1. Give the residue from HIS28, GLY54, LEU4 lying farthest towards the positive end of the charge dipole for segment 1-82; charges sit on Cβ (+1 for Lys and Arg, -1 for Asp and Glu) and the dipole is referred to the Cα centre.
2. Hand me the chymotrypsin sites (Phe, Trp or Tyr not before Pro) from segment 177-221 located in a DSSP loop with no more than 16 other Cβ atoms within 10 Å, in residue order please.
3. Which lysines have a Cα less than 17 Å from the Cα of LYS101, not counting those fewer than 8 places away in the same chain?
4. What part of the accessible area of segment 142-208, given as a whole %, is carbon or sulfur when the probe is 1.4 angstrom?
5. In square angstrom, what is the accessible area per residue of segment 1-155 with a 1.4 angstrom probe?
6. Using modelled backbone amide H atoms (1.01 Å from N, in-plane), which distant-in-sequence or interchain residues come within less than 5 Å of LYS142's amide H?
7. Give me the lysines in straight-line cross-link reach of LYS236: C-alpha distance below 22 Å, same-chain residues under 8 apart excluded.
8. Quick one: what are the phi-derived ³J(HN,Hα) couplings along segment 41-53, Karplus 6.51/-1.76/1.60 with θ = phi - 60°, whole Hz, x for glycine and proline?
Amino acid sequence: MKLLNTVTGDIKEFLGEDTQLEYAVLSHRWGDEEVSYQDWLTRLSRPDVRSRDGFRKIQHCCEQAKRDGFDWVWIDTCCIDKTSSQELSEAINSMFQLYRKSSMCYAYLRDYDYDTFDAARLEKCEWLFRGWTLQELIAPQKLDFYNRSWQRFGSKSDRSVCEAVSELSKIDIEFLLGADLESASIAKRMSWASRRKTTRSEDTAYCLMGIFDINMPLLYGEGPKAFKRLQEEIIKAYPTDHSLYAWGIPVDKCSFEVSAETVIEDNIETQFASSEPLYGLLAKSPQDFEYSRNYSPSVGADQFYNQGWVEKTPANYPTPIGKGVRIDLPVFDSGLFYYHYIEPPVSQTRFGYFGLLLCKDDADEEVMPCILLILGSSGYRSRHRELYLDRTPRPFSSYFDINSTLTVAPEKKPKHRAGDIILRSVVGFNPDVMGFEYYANDKEGALFDLNYLVQFRRDLAIRSVCITDYMLKENWGIVLGRVQTEGQDFPAFQAGIIAVCGPDINRFREEFICEKVFQSPSDEFTFDVDSMHEIKIRVNRRPLSEEGGFIDIVDIAVRIRSAQEETLQMAKIT
């Protein structure tokens, strides 16, 4: 590292064995007139450098350090050659330890104009809410606060000051005073950064590497991917700490959970819609951890990974894979949920269930943090930003899988094309299970989760998708598709019922039992499938604002008649 001599102003590089010497460090908010390493080396011949605010800041820091008996000081503006990517990377990767090993840290607050400590005034200072100053506040053993005029107005070692700073920063006092950060959960450490900002998006991650004792290369230009990389490194370093996934808005009830019997009305977008995207397992930024400071690993986490639960084999450690994470989780309470596409504005019924995170709420021992996992069309799961706080005592028997291996990744937004058919909801099939299969373009046997888009192609036959409730083992299926009609330039939406071909429920006859060509822009029709079942299908046409053209939104409701209705219908058929 390079250190600045407080007497001569010379900069000298010290190797690892030379760093036993005592030195001070500066913590500050960067301004517009900072002095770089190259600027400092040429300062004597450049009056423009010596006139900068950043130059005077360095001078005052050196003078204060000299008064305190330090010959050397480290200042990030002029002690790093930022033209060298290697030196910059080494400095950032070792910065936490550089502050930790310092003998004194001067926290210079240029927007604090008072000579005594006042918590209300400190709260208005930028320094308290910047990303890089988080480690600069935590790492030093000794830290003194200085105002705009370089007057000392408080110290981290003063109890009253430390308590006020703890309250403002939401950092526990013991960690401000040097406690081992390994005893703080991942979520707690992330929460410390949740209200802090950085100028460059990559620094949101880079400024936290020391807080988590993580080293990784700097890739300026990667943007938000840096925070994803940081979390992936944290997974490798702390594989059993599920508090990394306990981010989001805490709720006691999922805001978009619905009954399988809910009939979707035309105003469903305003009634149930949420504009939140479906995320992967990892957070987008530290801001997602604003409410997560009290979550920590549960006692059962070690057993889950080292011994296994309920005679299950030990779980595999979470593994980053592609854009997602593969993880083993206990899962429970499958059901239906609404998910809202922004373009076009459509709320779609989706199948999902809850995954139990192996962490606890230190402030409420009854809470078990859980995440809602929505099944995606590619077999992976995605989660919502809500963090469900389950308070129901659950025996192991209540989980439908104690150790379910899942890949959780961000939802891919479908690209809608003119003529696409979106199946928005299916009501009345078996409400307790995911009881559907689809047969799209003669490709059979894939699980159907209501996240299905029928993309229109003129070269395909009518049968675009077929739906059946395989749990009920009925002898019919619902077909959706398009058919060319006379006088119409674009094929119309068609629905029909087809019969099972023999005992194999995966095979259907080509001919329809009954069919209906629907009129645009909206139409509905009720099929009398047999004496027992009545199927109502409704279609509404929606314009595509970006692409042009239209899509058709389809709702299906299946009703099982009562015994009396079935007798009357049988008589009618006879």
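The values are calculated or read from the model by the stated rules, or taken from the named source; none is laboratory data. In this text the structure is predicted, and so the values were computed from the model without any measurement. Please note: Cβ atoms are built from the backbone with ideal geometry, for glycine as well, and neighbour counts cover all protein chains shown. Keep in mind that these areas ignore ligands, DNA and RNA; they rest on the heavy atoms of the full protein, side chains included. Shrake-Rupley method; radii C 1.70, N 1.55, O 1.52, S 1.80 Å.
1. GLY54
2. TYR220
3. Cross-link targets: LYS2, LYS142, LYS156.
4. 43 percent
5. 47 Å²
6. Hits under the 5 Å cutoff: CYS105.
7. Qualifying lysines at Cα under 22 Å: LYS188, LYS225, LYS228, LYS284, LYS323, LYS360.
8. 5, 10, 4, 5, 9, 10, x, 5, 6, 5, 8, 7, 4
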